[in-house]
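Below is one structure; the comments refer to it alone.
Every number here is computed from the coordinates shown, using simple stated rules; none is lab data. None of the values given here were measured: they were computed from a predicted structure. With ideal geometry, Cβ positions are generated from the backbone for all residues, glycine too; neighbour counts draw on all protein chains shown.
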C-alpha cells in the first residue's frame, strides 16, 4: 500500500520528535520546523515500505498532530487532509 506524508508547518512547534523517530523521513527547515525529506514536504512521493514503521512512530509521537498521512498524494497541498 502506498502511503504519503506531509507536515503541517502551521501547527508544528519544532519539538524535534519526528526527526528522532524517523530521521530518514523528516528534517527541519531554516526556522526549525519539521518537513518531509522525500519530496521537500510536498507529500507526492510514497514512503518506502521499510520506513513505514518509523513514519507511524513519528505520527504517534507528534504532540500537535502536525504529521499527516494519506493513501494518495497530497498534490503539494498541505490542507488536503482537512
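Here are a few things to note about the model shown:
- Fully extended contour minus Cα-Cα distance, from residue 70 to residue 2, at 0.36 nm per residue: 23.6 nm
- Ordered by the number of other Cβ atoms lying within 10 Å of each residue's own Cβ, fewest first, 28, 4 fall into the sequence 28, 4.
- Calculated [222 nm] ellipticity per residue, helices only, for the chain: -4500 deg cm²/dmol; basis is -39500 (n - 2.57) per DSSP H run with n ≥ 4, divided by all residues, nearest 500.
- Arranged from fewest to most other beta-carbon atoms within 10 Å of their beta carbon, 68, 9 become 9, 68.
- For Cα extents along the principal axes in Å, calculated from these coordinates, the label among [x] 30, 25, 20; [y] 57, 32, 21; [z] 39, 21, 20: [x]
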